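Accompanying notes for the structure given below.
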Amino acid sequence: MRTVEGPTGHVIVVGAGLSGLSAALHLLGAGRSVTVVEREGGPGGRAGRTVMGGYHLDTGPTVLTMPSLIDEALAAVGTGLANHVELLPLDPVYRACFADGSRIDVHSDPHAMEAEISRKVNLADAVGYRRLRRWLERLYQVQSHSFIDANFDSPLGLLGADLVRLAAVGGFASWHGRVGRFVRDERLRRIFTFQALYAGVPPARALAAYAVIAYMDTVGGVWFPRGGMHAVPRAMARAARSAGAELVYGATVEGLERVGGRAVAVRTTDGRRIPGDAVVLTCDLPIAYRLLGGAPRRPVPLRYAPSAVVAHLGGPRSWPELAHHTLSFGRAWGRTFDELTRTGELMSDPSLLLTCPTVTDPRLAPPGRHLHYLLAPCPNLVRGRQDWPRLAPRYRDELYAELERRGLAGFGADLELEEVVTPADWARQGLAAGTPFSAAHTVAQTGPFRPRNLPRGWDNVVLAGCGTTPGVGVPTAVISGKLAAARVTGTHRRPPLGRRAVAVAPAGSAR
């Protein structure tokens, strides 16, 4: 594994999101001095927090899987997730609702899920689910160390016994086709392939290797931190500060000071100069490349994942049929992905994610009130040509009307809080192509073919975040910080294969 050259005693981490805080914790654990520089007034990055009228909004991801990875980062400085955050396991992890009126609850417990499929689908698919689950577990075991938690110096790094094992378990087949070998019911196939939206590739065209994302939620489980998702970066920042890190908030980095091939300091827009021996950049790729003086040449330009319209809604209404996370599928499926990734049109028959965090933690809203988060995938600003400032109000109303047609009477009425975020808003935050999901996980943008975390032309700069290795999502963002730290320290520690320890604090212990 290649590492940065020269001294690395003091490392500057640009960005206090999940990847930056992960990098900082692993660097601190390896004996480095760390300064974290963040443009916002506090930690979180994309996993931010807004408080409006007594409603506490998570402005980024709402689904937490693989919390053991966060626990591992905190363990680097001698603490653990249970010391900071109360994690609440969700059951069901999702409630899947379909256009024919049927509903299937998704459980990470194998016995509960098998029973659900036996009741709602048929016995044959319940047996198939057991086989599917074993396949997902095997897929994760093959990929976790060699392909996900791994720094690649070249494509040759892929070669090895695990590549053969990945081929043997069908990792290079179609994701949708492989799942279809285990379960015949189309609703179940959607439940175990919809995660392809996060990768930005239709399930029929995605490699089965990407089904490891389905392992993370449907097998590993989904959790919710009491106090909201933002409680996680807050905890990581507190642990980093306690371990000696300096956290500088409200400071936007505008340039790197360079001597030869080395960055020797970062400069901020308010005139500060912060010297260091190495730099970890966790900002989105366009901003990182601007700081580095230009993007690397690629044979084919980066292709970005679809974006999303997100509506944060608060008010007195609730619907008991909604779980913490509810998937509302339209009749169309293949056409939906075609519209999002090829034609650049809005979904004609939308499939949506509804998250209701107050189902689990009522304190996130005023007494007697409820908080809802509606996510509607949409084309990014490169693939689509929507005029979002003009279109947003009409599209919002169409989504509310569609959910009413699907049985949520009065959805969008009696609102005390409404905050709608569109691709144009993501772009204003500096996110490439107006998408929070960064570069898509096509074959040409995965593993060693993804943007490198060691940028050429710099001896001591490393990238982290969802635009680089290993990719998009909370677990992979946390891993990317660990991989960046390993590039600095030369030490890459891995937990025992298959470890899925989860730190859960007793009720009332969160601080």
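The values are calculated or read from the model by the stated rules, or taken from the named source; none is laboratory data. Predicted, not measured: the structure shown is a model, and the values here were computed from it. When we count neighbours, we look across all protein chains shown, and the Cβ atoms used for this are built from the backbone with ideal geometry, even at glycine. Keep in mind that these areas ignore ligands, DNA and RNA; they rest on the heavy atoms of the full protein, side chains included. Shrake-Rupley method; radii C 1.70, N 1.55, O 1.52, S 1.80 Å.
Brief remarks follow.
- Contour minus Cα-Cα distance for ASP109 and ARG2 (0.36 nm per residue): 34.5 nm
- Compactness of the stretch 92-242 as Cα Rg over 2.2 N^0.38 Å, two decimals: 1.18
- For the stretch 32-84, carbon and sulfur atoms together expose 51% of the accessible surface, with a 1.4 angstrom probe and every protein chain in place.
- Cα gyration tensor category, rounded, prolate or oblate, for the stretch 378-468 with a/c compared to 1.5: prolate
- Nearest-ten-degree value, helix 123-143 long axis tilted from longest Cα axis of the chain: 0 degrees
- Cα gyration tensor, the stretch 9-94 - rounded (a/c under 1.5), prolate or oblate: oblate
- With the highest mean first, a sort of the peptides 184-191, 17-24 on other beta-carbon atoms found within 10 angstrom per residue produces 17-24, 184-191.
- Amide H to amide H, with H built 1.01 Å from N, GLY315 comes under 5 Å of HIS370, GLU416, counting only residues 5 or more places away or on other chains.
- For the stretch 311-357 and the stretch 408-481, distance of Cα centres in Å: 20 Å
- FRET efficiency for the ARG165 to ASP270 pair, using the beta carbon distance and R₀ = 60 Å, is estimated at 0.70.
- For the chain, the share of DSSP beta bridges that are antiparallel, to the nearest 5, is 70%.
- For the stretch 324-445, the share of accessible area belonging to carbon and sulfur comes to 51 percent (1.4 Å probe, ligands and nucleic acids excluded).
- In sequence order, the stretch 213-226 has phi-based couplings of 5, 5, 4, 4, 9, 7, 10, x, x, 10, 10, 9, x, 4 Hz under the Karplus curve 6.51 cos²θ - 1.76 cosθ + 1.60, θ = phi - 60°, and Gly or Pro positions carry x.
- Global geometry of the stretch 323-450, whether rounded, prolate or oblate, following the gyration tensor of its Cα atoms and the 1.5 cut on a/c: prolate
- Rounded tilt (10° steps) of 474-489 against the dominant C-alpha axis of the chain: 20 degrees
- List VAL474, VAL382, ordered by accessible area with a 1.4 Å probe, largest first: VAL382, VAL474
- Cα→Cβ-extended label distance, 7 Å offset, between ASP459 and THR252, nm: 3.2 nm
- Within the chain, helix-based [θ] at 222 nm, where runs of 4 or more DSSP H residues each add -39,500 (n - 2.57), nearest 500: -8000 deg cm²/dmol
- Karplus-derived HN-Hα couplings along the stretch 270-286 (A = 6.51, B = -1.76, C = 1.60, θ = phi - 60°), whole Hz, x at Gly and Pro: 8, x, 7, 10, 10, x, x, 8, 8, 10, 10, 9, 10, 5, 4, 3, x
- VAL36 long-range amide H proximity, modeled H, under 5 Å: VAL13, GLU246, LEU247, VAL248
- Using alpha-carbon coordinates, inclination of helix 110-120 to the longest axis of the chain, degrees: 30 degrees
- Surface analysis of the stretch 83-174 yields an accessible area of 44 Å² per residue, using protein heavy atoms and a 1.4 Å probe.
- The accessible surface of the stretch 137-251, taken with every protein chain in place and a 1.4 Å probe, is 55 percent carbon and sulfur.
- Amide H contacts under 5 Å for ALA265, placed H, 5+ residues apart: GLU257, GLY276
- Bridge type composition, the stretch 1-92 - antiparallel percent by DSSP, nearest 5: 40 percent
- The phi torsions of the stretch 22-27, fed into the Karplus equation with coefficients 6.51, -1.76 and 1.60 and a -60° offset, translate into couplings of 4, 4, 4, 5, 5, 5 Hz, rounded to whole numbers, with Gly and Pro shown as x.
- For the stretch 352-478: accessible area per residue (Å², 1.4 Å): 38 Å²
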